[in-house]
Amino acid sequence: MSVALLTVAGVALDALLGEPKRRHPLVGFGNLASALERRLNAAGRGWRSHGVSAWFLAVVPLTLLALILSWLPLIGWLVDVLALYCALGLRSLGEHVMPVGDALRQGDLAQARQRVSYLVSRETDELDAPAVARAATESVLENGSDAVFAALFWFVVAGAPGVVLYRLSNTLDAMWGYRNERFERFGWCAARIDDLLNYIPARLVALTYAVLGKTRLALACWRRQAPLWDSPNAGPVMAAGAGALGVELGGPAVYHGELHERPRLGEGPVADAQSIASGWHLVQRGVWLWLLLICLGAYLDA
């Protein structure tokens, strides 16, 4: 079965079913990762070599299993579709971000703060309405790249093993990739591998946002502002996305009790509830564009 058809099937399955409510494979993987971290990084004493070992123990066997299962006759195609479905988070992203905008439109700041706290790691208890909207808009742009487009990219490149490798690596980065006393050494490997795997997808996403939004502004923001961001991949995605939406993002935020003076991204008015919806629609249109290009590529290759 063609990669294009398998990709469409995986996206359609996500749209129909959404995230598995029970026994999500990534929940089980998270439990495995936590157990490995407790064993190899007790009290934050693990070194880089321990982090490398933990990454290989967590990711490589499951990636090889996905490879073997995808080769099975008759059901290999089903393994591919299910792997993509479990790795995608498109419908889930919308289900998490849109209630933030709804709460802001209703003037319920407390509810908006609670909803956005499910999406971001910054402290949300003291955020005003524009700061809540900014956090949610940033989240939809960045998570659109990580949880949707990068998964699609690695599936097209390498099928089930590719998307499993990417999704597990991205999960480990989310769990271990912190620059603090506990994870500075142990999480280095997970963070660097995630940066590597996201390098090309992030730039394709930035280009996608630019093409589908305010193109000239998005490209200018990408060029000027992305190098100022501390993440080599989030910078292009969020700068181009903010420019595409014509809104200002970034700025100061409090993480774990510490104020971080982040650069400003984009250009235009402060974020609001409409910015969240516009960001979500930008991601959706981007997925349609990618599916169209994937199908067109398959047709031309036939």
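Structure values in brief
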item	result
Listing of helices (runs of 4 or more DSSP H) fully contained in the stretch 1-119 that carry 1 or more residues being in contact with a Phe, Trp or Tyr (Cβ under 9 Å, 6 or more places away or on another chain)	3-17, 25-40, 48-70, 76-87, 90-105
The listed residue being under 23 Å from L196 (Cβ atoms), among the β-branched types (V, I, T) and touching a residue at least 12 places away in the same chain (Cβ under 8 Å), out of V237, V254, V270	V237
Hits in the stretch 120-150 (condition: among the basic types (K, R) and either in contact with a Phe, Trp or Tyr (Cβ under 9 Å, 6 or more places away or on another chain) or surrounded by fewer than 19 Cβ atoms within 10 Å (Cβ to Cβ) (or both))	R122
Residue in the stretch 187-199 that is among the aromatic types (F, W, Y), part of a loop (DSSP other than H, G, I, E, B) and either more than 17 Å from the chain's Cα centre (by Cα) or modelled with pLDDT under 95 (or both) present	no
Search result, residues across the stretch 282-292 that are closer than 20 Å to G241 by Cα and not small (G, A, S)	L282, V283, Q284, R285, V287, W288, L289, W290, L291
Criterion violated by S169 - all others in (1) among the polar types (S, T, N, Q); (2) part of a helix (DSSP H, G or I); (3) closer than 21 Å to G94 by Cβ satisfied	(3)
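The values are calculated or read from the model by the stated rules, or taken from the named source; none is laboratory data. No experiment lies behind these values; they were computed from the predicted model shown. Virtual Cβ from ideal backbone geometry, glycine too; neighbours counted across all protein chains shown.
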